[in-house]
1. Divide by every residue of the chain the summed helix terms, -39500 (n - 2.57) for each DSSP H run of at least 4, and state the resulting mean residue ellipticity at 222 nm, rounded to the nearest 500 deg cm²/dmol.
2. Give the distance, in whole Å, between the Cα centre of the stretch 166-244 and the Cα centre of the stretch 56-80.
3. Quick check on packing: order 283-291, 103-111 by the mean number of other C-beta atoms within 10 Å, highest mean leading.
4. Limiting things to C-alpha atoms, what are the Rg and the maximum Cα-Cα separation (Dmax) for the stretch 192-282, in angstroms?
5. If you look at just the Cα atoms of the stretch 1-134, how large are its Rg and its Dmax in Å?
6. Before anything else, pin down the relative contact order of the chain: Cα pairs under 8 Å, at least 6 apart, normalised by residue count, whole percent.
7. If I build a Gaussian network model for the chain, linking alpha-carbon pairs within less than 10 angstrom, which residue out of 21, 32, 214 has the largest mean-square fluctuation?
8. Arranged by the count of other C-beta atoms within 10 angstrom, fewest first, what order do 295, 239 take?
Amino acid sequence: MAIKKIGVLGAGLMGAGIAQVAATSGYDVTIVEVSDELVNKGLSGIEKSLAKLVEKNAITSDHKDDTLKRLRGTTKHDDLADVDLIIEAIIENLEIKRETYARLDKLCQPETIFASNTSSLSITEMMTATGINRQQRFVGMHFFNPVPLMKLVEVIRTILTDEQVYEEAIALAESMGKTVVRAGDKTGFIVNRLLVPYMLDAIRVLEEGLASTVDIDNGMKLGCNHPMGPLTLTDFVGLDTTYYIARIMFDEFKEKRFAPPTLLKRMVQAGLYGRKSGRGFYDYSDPRNPVPVSL
């Protein structure tokens, strides 16, 4: 089927970013949020993001205006009844996602493809909330933050995903200028399967007193040519998010490398989430000059 209309569930950082790249790529996009306030916040964020791209000569002013015309926001799931594909980017809660998909399954046309942007939850567990025919038209499309800048999309298939549907999802991501990696439905997919243990090991190195926060980060930046150290990266991702994903992965695999270190657990309990809370492994009172926190 020719995908022309896309629905995006969620207008947060990920949902708004996905909606932006879809509309910029020529698709008509309907964004659904739970309130008008969140709809307007998401659309305003997209407009500001596009304006920055115009300032950098990445797109023209006309392209920005055309993109905004292809976007509309709503609080009604009914407005997704005629879309060709839905990308879900709501809260990482399996039951809420399942309830949402069950509702959409009854609402959408039989040909509509469902895709989840989850970074860690099982696509199969989500798909079983829908009818058997929809289950064949269900995939994962994991974009990365910030979506307009990050080039990668993991496209995930389940054991029931129709081959043609899978290829259509891949073609869609590529039409948005993304590089696709193919993955099966195993918790963490490719990137988080490799990245999360690396971040957890860095926390263990700090916890065990082997090295300081700064030395751990500098060691990986300068020794492995990483753009940022693992503890800075954890602050950027969010300690709460990292802890949540690690718990899901440990529950799935029961391997020590996925077990959240005690230090991470205690920091999350204390509300030290990283950049978004102002403190994590670093103190961001001055965002331009973060300083390591004494732990």
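Coordinate-derived values only; no laboratory data. Please read all numbers here as calculations on a predicted model, not as lab measurements. Virtual Cβ from ideal backbone geometry, glycine too; neighbours counted across all protein chains shown.
1. Taking each H run of at least 4 residues, the total per residue is -14000 deg cm²/dmol.
2. Result: 30 Å between the Cα centres.
3. Descending mean neighbour count gives 103-111, 283-291.
4. According to the Cα coordinates of the stretch 192-282, Rg and Dmax are 12.3, 34 Å.
5. Rg then Dmax for the stretch 1-134, in Å: 15.0, 48.
6. Computed value for the chain: 12 percent relative contact order.
7. Between 21, 32, 214, it is 214 that shows the largest mean-square fluctuation.
8. With the sparsest Cβ surroundings first, the list reads 295, 239.
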